[in-house]
Amino acid sequence: MTMTQASQATTTEDEEPVISIKGMHKWYGEFHVLKDINLDVARSEKIVICGPSGSGKSTLIRCINRLEEHQRGQIIVDGVELTGDLKHIEHVRREVGMVFQHFNLFPHLTVLENLTLAPIWVRKELRKDAEEAAMLYLERVRIPEQADKYPGQLSGGQQQRVAIARSLCMNPRVMLFDEPTSALDPEMIKEVLDVMIELAGEGMTMIVVTHEMGFAKTVADRVIFMDEGEIIEENEPVEFFNNPQNDRTKLFLSQILAH
Amino acid sequence: MTDVVHKPDLAPPVTTVGVIGWVRKNLFATPFDTVLTLFGAYLVITFVLPALNWAIIDASWSGKDQSACTGEGACWVFIIERINFFVYGFIDEKFYWRVNLVFIMFAALIVPQFLAKFPKKAWLGWFLVTGYPVISYILLVGGSFGLADIDTGKWGGIMLTLVLSFVGIVAALPVGVLLALGRRSKMPVIRGICVCFIELWRGVPLISVLFMASVMLPLFLPEGVNFNKLLRAMIGIVMFQSAYMAEVVRGGLQAIPKGQYEAAEALGLNYWKSMVLIILPQALKMVIPGIVNTFIALFKDTTLVLIIGLLDVLAAVQAAIVDPAWKSVATEGYVFAAAVFWVFCFSMSRYSQALERKLYTGHKR
């Protein structure tokens, strides 16, 4: 199966892609970090991005909610093009949730306050409604009993699950995961991946930057390999892992799957 | 089958607990400790005891004038006799109740802030920095609500010190926060203005600021425009201290990890919401010691207004000790002034420590 077929398989049900990136370039000063990126993400599609460090994969997903600015090309999220226009940026950020490597929970607020802050201040929900919704999401990530604690009192795995719940509270149409398990102790990786697998099962559109190849195999509709700011190869997971086309992909896979 | 025999719990050796244990451990643990302890005892006996003797045991407390002070000790009669001057300055006695009311309201609003659990504490705190200054202004300046005018030139003593420091503290923090945010702004014009403002005010001594406010400013103002000396001094103090405050706050802002800004942005919070809800609460908490340090410095710096002819508590004492009706009461006067400053500064220090403990959420960076 070629890459176009792979993406077609999921796009047929829904004509309009949720995210559409066309000929996008980005520079950090003189350094060309992202080169001619083209990527369409269909509704409910799960995409895993992998590649060596410094290959631009984090930068790519950070461009999707404008934590980074791109200099050329187009990024259209949920029908809205990302430009310097603050209105557009705010719209996109409301629709796109993000989970960070280092959780980035707000340490001065309790878990519950972390979850309700954006719904109350950005979506203008009533405190009572926001708290009810937050408790539901805490149950989904299986830590409702931690609601009144501060992030500093939780383990890394619990913090990351809170971070996922915090994003879900905004009812995003897309979730971006930037190496969500890289900062975790090995025994905590599973609890976070379990939550993500469950989320995938519910039909959430997800783009995940990760080195967890097991996760990619079970969940991904498409795996994208990036190196030196380019998308080198993309394919559905079975083909991607069993039959990589590009030499750089082969080298990368042999390195990370060596153990 | 044999029962497991537990060893019985014994009491710890007498030498490690109780008074003897404490004395041993803390005062005479090593020969060096013993020397230090004895040296400390020597200091207490030669300096602290005579000072207490002078201040309390041998002191004269009652009387009307110099003749009451016959003993070896301090002549507190002087302080008691002139206390009204030290507290109210030159304000007419018939207006004392208005000043007292301001003092009492201040105490009523500030004391709950020191108590751990007090209903509606936050609201009282907000009232202290919003409604209270307005009411105080009406009471202290007069001219409205049927209250007679009090000339601000007659303000003095503790009252003047407190008014200047309160205005300085309440205004310098928000102005400082805005300056700090401005200095980190991505907009070059805003950043430039803030940098210039901070560096300009920080680069000149407060004394010269006060001199300029009182002597030079009127020269630049158009004929007939004349606003009072106290107000000019206040503005000078606020500008000066807010520049310092800005740098303290900036230190806190820089210590906040980039991830906090990004998480706030990713959730769709705009600049002001993410600053007010996410960044500033953490940054300010982190620099509480620096902020309170600046407050304490500000409180003591208010005494410099004496050079433009305003009599704060220290200047009032200085004016009173040269009164020929009293002989050699300088020590008593300065000790009194020092005690007044110490009480307020120490309270601020304790409050900041309590606040730090209260705001601790188990998060270490």
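The values are calculated or read from the model by the stated rules, or taken from the named source; none is laboratory data. On a predicted model such as this, the values are computed, not experimentally measured, just so you know. Note: ideal-geometry Cβ built from the backbone for every residue, glycine included; neighbour counts use all protein chains shown. SASA here: full protein model, heavy atoms, side chains in, ligands and nucleic acids out. Shrake-Rupley method; radii C 1.70, N 1.55, O 1.52, S 1.80 Å.
Condition (residue is part of a helix (DSSP H, G or I), modelled with pLDDT of 85 or more and within 14 Å of chain A (Cβ to nearest Cβ)) applied to region B:222-235: is it met by at least one residue? No: region B:222-235 contains no residue that is part of a helix (DSSP H, G or I), modelled with pLDDT of 85 or more and within 14 Å of chain A (Cβ to nearest Cβ). Strands (runs of 3 or more DSSP E) fully within region A:158-237 that include at least 3 residues being farther than 12 Å from A:Val48 by Cβ, of a type outside the set (A, V, I, L, M, F, W, C) and at pLDDT 95 or above: none found. The number of residues in region B:331-361 that are assigned to a helix (DSSP H, G or I) and within 14 Å of chain A (Cβ to nearest Cβ) comes to 4. Annotation: A:Glu131 fulfils all but one of (1) over 24 Å from the mean Cα position of the chain (by Cα); (2) in contact (Cβ under 8 Å) with a residue 24 or more places away in the chain; the unmet one is (2). Scan region A:30-72 for residues that are under 15 Å from A:Glu234 (Cα atoms) and basic (Lys, Arg) and jot them down. The answer is A:Lys46, A:Lys57.
Of everything in region A:133-160 that is among the hydroxyl-bearing types (Ser, Thr, Tyr) and within 13 Å of another protein chain (Cβ to nearest Cβ), the residue that is surrounded by the most Cβ atoms within 10 Å (Cβ to Cβ) is A:Tyr150. Of the numbered criteria (1) surrounded by fewer than 24 Cβ atoms within 10 Å (Cβ to Cβ); (2) under 20 Å from the mean Cα position of the chain (by Cα), the one A:Ala165 fails is (1).
Taking region B:87-98 as the range and being surrounded by fewer than 12 Cβ atoms within 10 Å (Cβ to Cβ) and either modelled with pLDDT under 75 or in a loop (DSSP other than H, G, I, E, B) (or both) as the test, only B:Asp92 passes. Exactly one residue out of B:Ile20, B:Ile45 is open to solvent by 100 Å² or more (accessible area, probe 1.4 Å), at pLDDT 85 or above and not assigned by TED's automatic domain parsing to the domain that holds B:Gly333, and it is B:Ile45. Among the residues of region A:117-132, those identified as part of a helix (DSSP H, G or I) and either open to solvent by 30 Å² or more (accessible area, probe 1.4 Å) or within 11 Å of chain B (Cβ to nearest Cβ) (or both) are A:Leu117, A:Ala118, A:Pro119, A:Ile120, A:Trp121, A:Arg127, A:Lys128, A:Asp129, A:Glu131, A:Glu132. The set of residues from region A:20-36 being hydroxyl-bearing (Ser, Thr, Tyr), surrounded by 13 or more Cβ atoms within 10 Å (Cβ to Cβ) and over 13 Å from A:Ile64 (Cβ atoms) is empty. Taking region B:311-330 only, how many residues are surrounded by fewer than 24 Cβ atoms within 10 Å (Cβ to Cβ) and part of a loop (DSSP other than H, G, I, E, B)? Looking only at that region, the number is 7.
Per-residue answers, yes or no, for (1) closer than 30 Å to B:Ile256 by Cα; (2) among the hydroxyl-bearing types (Ser, Thr, Tyr):
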{"residue": "B:Leu284", "(1), (2)": "yes, no"}
{"residue": "B:Ile288", "(1), (2)": "yes, no"}
{"residue": "B:Phe299", "(1), (2)": "yes, no"}
{"residue": "B:Thr302", "(1), (2)": "no, yes"}
{"residue": "B:Ile308", "(1), (2)": "no, no"}
{"residue": "B:Val317", "(1), (2)": "no, no"}
{"residue": "B:Val329", "(1), (2)": "no, no"}
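For region B:259-310, a tally of residues being open to solvent by 30 Å² or more (accessible area, probe 1.4 Å), within 14 Å of chain A (Cβ to nearest Cβ) and polar (S, T, N, Q) returns 1. Among helices (runs of 4 or more DSSP H) entirely within region B:7-86, having at least 3 residues that are over 23 Å from B:Val340 (Cβ atoms) singles out B:18-27, B:31-43.
Where helices (runs of 4 or more DSSP H) sit wholly within region B:101-195, those with at least 2 residues that are outside the structural domain of B:Val313 (by TED's automatic domain parsing) and open to solvent by 60 Å² or more (accessible area, probe 1.4 Å) occupy B:121-129, B:131-141.
A:Arg93 meets each of the listed conditions (1) open to solvent by less than 10 Å² (accessible area, probe 1.4 Å); (2) within 9 Å of chain B (Cβ to nearest Cβ) apart from (1). For region B:116-175, the set of residues classified as under 17 Å from B:Trp97 (Cβ atoms) and aliphatic (A, V, I, L, M) consists of B:Ile135, B:Ile138, B:Leu139, B:Leu140, B:Val141, B:Leu147, B:Ala148, B:Ile150, B:Ile158, B:Met159, B:Leu162, B:Val163, listed by residue number.
Only residues that are without any contact (Cβ under 8 Å) to a residue 60 or more places away in the chain, away from chain B (no Cβ under 14 Å) and closer than 19 Å to A:Ala133 by Cβ were counted across region A:161-210, and they come to 5. Beta carbons closer than 9 Å, at least 6 apart along the sequence or on distinct chains, pair a first residue in region B:178-196 that is touching a residue at least 40 places away in the same chain (Cβ under 8 Å) with a second that is open to solvent by 80 Å² or more (accessible area, probe 1.4 Å) and outside any helix (DSSP H, G or I) for B:Cys194/B:Arg184. Against the list (1) away from chain A (no Cβ under 12 Å); (2) out of contact with any strand residue (DSSP E or B) (no Cβ under 6 Å at 6 or more places or on another chain); (3) modelled with pLDDT of 85 or more; (4) open to solvent by 20 Å² or more (accessible area, probe 1.4 Å), the condition B:Leu210 fails is (4).
Residue-level analysis places B:Glu356 outside the set of residues that are touching a residue at least 12 places away in the same chain (Cβ under 8 Å) and touching a Cys at 6+ places or on another chain (Cβ under 8 Å).
Residue-wise test of (1) part of a strand (DSSP E or B); (2) more than 9 Å from chain B (Cβ to nearest Cβ).
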site	(1), (2)
A:Thr59	no, yes
A:Leu67	no, no
A:Ile76	yes, yes
A:Thr83	no, yes
A:Gly97	yes, no
A:Leu109	no, no
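Scanning region A:139-156 for residues that are outside any loop (DSSP other than H, G, I, E, B) and within 18 Å of B:Ala263 (Cβ to Cβ) turns up A:Pro151, A:Gly152, A:Gly156.
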